[in-house]
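Chemist: Take a look at this one; I'll ask things after.
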Amino acid sequence: MADKPSYNFIIADDHPLFRGALRQTIESMYPGAGIVEAGTLESVSAKLEAVGDADLILLDLTMPGMRGYSGLMFLRAQYPGIPVVIVSANEEPTAIRNCMEFGASGFIPKSLGIEVMRQAVAAVMAGETWSPPDVDLACVDETVGLVQRLSTLTPQQVRVLMMLSEGLLNKQIAYELNVSEATVKAHVSAILQKLGVESRTQAVIAASKIENGQWQAAVGT
């Protein structure tokens, strides 16, 4: 009989105790699985570069570097083949719907018990999606169009939008990304076009409408 498949998981949360609880849950479900932990979005990217691949990322929505949904957007665009399950204390239906719209394979409220978490992880590992059964994912609110437009941004465009929200100038963004200012200007133009806005300020304000205040409301033009 062939050996059982070996899985690799990334647990990304800035609370060590909760990471430990998730690790124990995963280890009980998949003995021998490779598990790495991360406490920031930057660390998640570094772990993925080091590991090369992962079967599942368990991601805290408010971890440092995440900026609300932007971190999820970046990971889904940069690593489209790796399913991401959000594990969050935020249980608002709008937040859950937005995460699923941005490509999350699951959303597990932290208030749920270990057994439900096990069921959710097992479902996603089986190729399904999972969200709390009492949340209507089909409900449409005023931000749905914006969510869909934000979902079209490339990984680099997401990073540029994150930096715009911090008030960085084109030359500063170019330095951080190690690209030319012309490239940054092209990214900004593409972002404005995709979001249907006319200025950098409007782009960040548009994003702030779905980020619950986790993007700055305005930046310099």
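Chemist: Going by the structure shown, is residue 121 closer than 21 Å to residue 40 by Cα and buried (at least 19 other Cβ atoms within 10 Å of the Cβ)? So that I can check it myself, show each step before the final result.
Modeler: Numbers: closer than 21 Å to residue 40 by Cα: no; buried (at least 19 other Cβ atoms within 10 Å of the Cβ): yes.
The answer is no for residue 121.
Chemist: Continuing with the same structure: From the list 67, 76, exactly one residue is charged (D, E, K, R), in contact with a helix residue (DSSP H, G or I) (Cβ under 8 Å, 6 or more places away or on another chain) and at pLDDT below 90. Which is it? Steps first, please.
Modeler: Values: 76 fails: in contact with a helix residue (DSSP H, G or I) (Cβ under 8 Å, 6 or more places away or on another chain).
The unique qualifying residue is 67.
Chemist: Identify the residue in the range 71-99 that is within 10 Å of the chain's Cα centre (by Cα) and in a helix (DSSP H, G or I) and, among all such residues, is surrounded by the most Cβ atoms within 10 Å (Cβ to Cβ).
Modeler: Looking only at the range 71-99, we keep the residues that are within 10 Å of the chain's Cα centre (by Cα), and these are 71-77, 84-86, 99.
So of that shortlist, the ones also in a helix (DSSP H, G or I) come out as 71-77, 99.
On the way: 71: 28, 72: 23, 73: 25, 74: 25, 75: 26, 76: 21, 77: 19, 99: 25.
Only one residue tops the list, namely 71.
Chemist: Here's something else I'd like to know. Name the pairs whose Cβ atoms lie under 7 Å apart, with the first residue in the range 2-23 and at pLDDT 90 or above, the second among the basic types (Lys, Arg) and assigned to a helix (DSSP H, G or I), and 6 or more positions between them or separate chains?
Modeler: The qualifying pairs are 10/47; 11/19; 11/23; 13/19.
Chemist: Would you be able to tell me the number of residues in the range 113-164 that are at pLDDT 80 or above, under 21 Å from residue 75 (Cβ atoms) and part of a helix (DSSP H, G or I)?
Modeler: Total meeting the criteria: 18.
Chemist: Which condition does residue 55 not pass, out of (1) farther than 26 Å from residue 161 by Cα; (2) in contact with a strand residue (DSSP E or B) (Cβ under 7 Å, 6 or more places away or on another chain); (3) acidic (Asp, Glu); (4) open to solvent by 70 Å² or more (accessible area, probe 1.4 Å), if it passes all the others?
Modeler: That leaves (4) as the condition not met.
Chemist: For residues in the range 154-179 being free of Cβ contacts under 8 Å to residues at least 60 places away in the same chain and open to solvent by 60 Å² or more (accessible area, probe 1.4 Å), which is farthest from the chain's Cα centre (by Cα)?
Modeler: The first filter runs over the range 154-179 and keeps only residues free of Cβ contacts under 8 Å to residues at least 60 places away in the same chain, leaving 156-157, 160, 163-164, 166-179.
Of the ones still in play, those that are also open to solvent by 60 Å² or more (accessible area, probe 1.4 Å) are 166, 169, 171-172, 175-176, 178.
Numbers: 166: 18, 169: 25, 171: 26, 172: 24, 175: 24, 176: 21, 178: 23 Å.
Top of the filtered list is 171.
Chemist: Here is a follow-up. Within the bounds of the range 182-201, is there any residue that is surrounded by 13 or more Cβ atoms within 10 Å (Cβ to Cβ), modelled with pLDDT of 90 or more, at negative phi and not in a helix (DSSP H, G or I)?
Modeler: There is no residue in the range 182-201 that is surrounded by 13 or more Cβ atoms within 10 Å (Cβ to Cβ), modelled with pLDDT of 90 or more, at negative phi and not in a helix (DSSP H, G or I).
Chemist: Let me ask another. Hey, can you tell me all the residues within the range 58-70 that are closer than 19 Å to residue 15 by Cβ and open to solvent by less than 20 Å² (accessible area, probe 1.4 Å)? Spell out how you get there, then give the answer.
Modeler: If we filter the range 58-70 for residues that are closer than 19 Å to residue 15 by Cβ, which is where we start, we get 58-68.
Hits for the range 58-70 are 58, 59, 60, 61, 63, 66, 68.
Chemist: How many residues are closer than 20 Å to residue 72 by Cα and in contact (Cβ under 8 Å) with a residue 40 or more places away in the chain when one looks only at the range 180-206?
Modeler: 5
Chemist: Next up: Would you be able to tell me the number of residues in the range 27-52 that are outside any helix (DSSP H, G or I) and open to solvent by less than 50 Å² (accessible area, probe 1.4 Å)?
Modeler: Taking the range 27-52 first, the residues outside any helix (DSSP H, G or I) are 30-40, 52.
Add one more test, that the residue is open to solvent by less than 50 Å² (accessible area, probe 1.4 Å), and what stays is 30, 33-36, 38-39.
Counting residues in the range 27-52 that are outside any helix (DSSP H, G or I) and open to solvent by less than 50 Å² (accessible area, probe 1.4 Å) gives 7.
The values are calculated or read from the model by the stated rules, or taken from the named source; none is laboratory data. Please read all numbers here as calculations on a predicted model, not as lab measurements. With ideal geometry, Cβ positions are generated from the backbone for all residues, glycine too; neighbour counts draw on all protein chains shown. Quick note on the areas: whole protein, heavy atoms, side chains included, nothing else; ligands and nucleic acids left out. Shrake-Rupley method; radii C 1.70, N 1.55, O 1.52, S 1.80 Å.
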